[in-house]
Amino acid sequence: MLTTIPDEKRNPLIQELLEYFQTVGFEIRGVRGDFAFPQPPFLHNDGYGDQRKKMPDILAFDTLMGEFVLGLVRTSLKELDTEESLTEYDVFLDQKDKQSGKAYRLYIIVPSSLVSEMNSLITHYIHRELWHLVTVVASRRIEI
């Protein structure tokens, strides 16, 4: 989580992504913050950026596909491509289920006005073979 973003900006987006995950039938395993779920675990960093483990905003499991799903919040244009954000993308897209070997999927919720910028960042920063693992969710509630 980016430490400079106050909870009052992050929590509504976490709540919206949580509701989205529940609507599509994901089993929620952890949510960062003061929600009715345990905190998600910190995930192993295999040498990216600051070398520290990273915690997603949401950890869920897609029982239909048998895959873990990570949820991440981005609240502003400035936050999309900070060094900390880029490290989180790398760490989260590097995760694989120890039992099945399946890669984790990453859902990133952003204010709707930032969807094109987020998609552009994905195509310029994230390796092409990982694009299918990333889904950008446009917030219907939060604007900047």
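The values are calculated or read from the model by the stated rules, or taken from the named source; none is laboratory data. Worth saying up front: this structure is predicted, and the values here are computed from it rather than measured. For neighbour counting, all protein chains shown are included, and Cβ atoms are generated from backbone atoms with ideal geometry for every residue, glycine included. Remember, those area values only see protein heavy atoms, side chains included, never the ligands or the DNA or RNA. Shrake-Rupley method; radii C 1.70, N 1.55, O 1.52, S 1.80 Å.
Between Val24 and Glu143, the simple label model (points 7 Å from Cα in the Cβ direction) yields a spacing of 2.5 nm. Ligands, DNA and RNA excluded, the heavy atoms of Tyr48 present near 70 Å² of accessible surface to a 1.4 Å solvent probe. Pairs from the list Lys9/Lys102; Lys54/Lys98; Lys78/Lys102; Lys9/Lys98 with a Cα-Cα gap above 29 Å: Lys9/Lys102; Lys78/Lys102; Lys9/Lys98.
Pop out the carbon and sulfur fraction of the accessible area of the stretch 5-88 as a percent, whole number, probe 1.4 Å.
Roughly 53 percent of what the probe reaches on the stretch 5-88 is carbon or sulfur.
In percent, rounded to a whole number, the relative contact order of the stretch 6-144 is 21, using alpha-carbon pairs under 8 Å and six or more apart. Solvent exposure of the chain, expressed per residue, is 53 Å² of accessible area, with all protein chains present and a 1.4 angstrom probe. Maximal additional length on extending the Thr82-Val115 stretch stands at 10.2 nm, based on 0.36 nm per residue less the C-alpha distance.
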